[in-house]
Structures are given as structure tokens and as C-alpha cells.
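What follows is a single structure, written as C-alpha cells, with notes after it.
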Amino acid sequence: MARTTGFDHVATVTADLDRIVAFYRHVFDARVTFEMAATPAHPRMVILDLGGGSALNITEQAADTIAGDRTRPGGRGPIDHYGIAVATRASLDDMRQRLAAAGADVGEVQRLGGTWSLFFRDPDGMELELCTPIERS
């Protein structure tokens with residue numbers, strides 16, 4: 001049995017914190033649980049509650065300091081993308097509509113093993129994924 005209970009948070013960076021936070025709040029109903037102003041020792045940061053005990057920690061950095069090309073597989077750095085869990089296939093379909101209404105680049109729902117999967121791009125162009133187990137659907 002694993003000694004961990006899953007992921008607590010994913011940390012990511014953006015050049016436009018206000019835009020990314022607005023996107024997650026609007027599309028995912030994410031709740032801001034922590035905000036930190038920039039200091040000489042740490043960039044401006046927001047923590048968003050994504051539900052289910054998962055959080056997204058986002059720091060703001062100048063665009064020219066963000067390594068990699070978020071839009072290109074293999075160019076994104078050591079973590080290619082992250083998947084956000086939803087409860088059911090109906091929730092996944094609803095989120096697809098919400099993403100499209102928000103102007104996100106959204107793919108089609110596909111089956112990947114025992115999971116329904118939907119890839120999309122956030123306002124920074126980063127490819128992300130929404131997932132739900134097929135047996136819950």
C-alpha cells in the first residue's frame with residue numbers, strides 16, 4: 001500500500017497572475033485560499049482550492065524567466081501537464097462547455113484506458129487535462 005494519500009497541490013508559474021486566477025475562478029469555481037504580495041525573497045502568489053483536497057499554487061514571474069514552451073510537448077520541462085479530476089462524465093461534459101464558453105482551446109472527450117479525458121489549453125497556452133474514471137460515469 002502506498003504511504004501517501006495523493007497530491008496536495010501542483011505549483012505552476014505565469015506571467016499574468018490575475019488572468020490565470022480569473023480563468024480558474026470563472027471556469028472551475030476555484031476558490032482563492034491564500035494570497036501573498038511579492039517580496040524581495042518571493043514572487044507574488046495565489047493558492048486556489050480545486051476541491052477534493054487539491055490545490056493549485058500559482059506564482060507570477062516575468063515571461064522571459066519562465067523556462068520552456070508551454071504549447072509544445074517535450075518543450076514544457078520535466079512536468080508535461082497536470083490532470084484535474086472531476087466526479088463524473090456528466091461533470092466532464094459540463095466542464096467542456098464551460099471551457100469553450102470561456103474561450104479556451106478545448107479538445108474532444110476521449111477514452112484513455114479506464115479514464116474519460118479532455119485536453120484543453122489555459123490562457124497561457126499550457127495544455128492541461130480533465131479526467132474522470134469511466135466506471136463512475
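The values are calculated or read from the model by the stated rules, or taken from the named source; none is laboratory data. Source: prediction; values computed, not measured. No Cβ is skipped: glycine too gets one built from the backbone with ideal geometry, and neighbour counts run over all protein chains shown.
Structure values in brief
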read-out: Lone unmet requirement of (1) under 17 Å from A85 (Cβ atoms); (2) without any contact (Cβ under 8 Å) to a residue 12 or more places away in the chain for D18; value: (1)
read-out: Test set (1) under 12 Å from the mean Cα position of the chain (by Cα); (2) surrounded by fewer than 14 Cβ atoms within 10 Å (Cβ to Cβ) - E135 fails condition number; value: (1)
read-out: Qualifying residue in the range 67-83 (condition: under 16 Å from R121 (Cα atoms) and in contact with a Cys (Cβ under 7 Å, 6 or more places away or on another chain)); value: yes
read-out: Selection status of E127, among the acidic types (D, E) and either in the same structural domain as A15 (by TED's automatic domain parsing) or modelled with pLDDT of 95 or more (or both); value: no
read-out: Test: residue in the range 22-43 that is in contact (Cβ under 8 Å) with a residue 60 or more places away in the chain and polar (S, T, N, Q); value: no
read-out: Matching residues in the range 113-124 - criterion: being closer than 20 Å to L50 by Cβ and out of contact with any Phe, Trp or Tyr (no Cβ under 7 Å at 6 or more places or on another chain); value: T115, W116, S117, L118, F119, F120, R121, D124
read-out: Set A90, A41, A101: member being assigned by TED's automatic domain parsing to the domain that holds I20 and over 16 Å from the mean Cα position of the chain (by Cα); value: A41
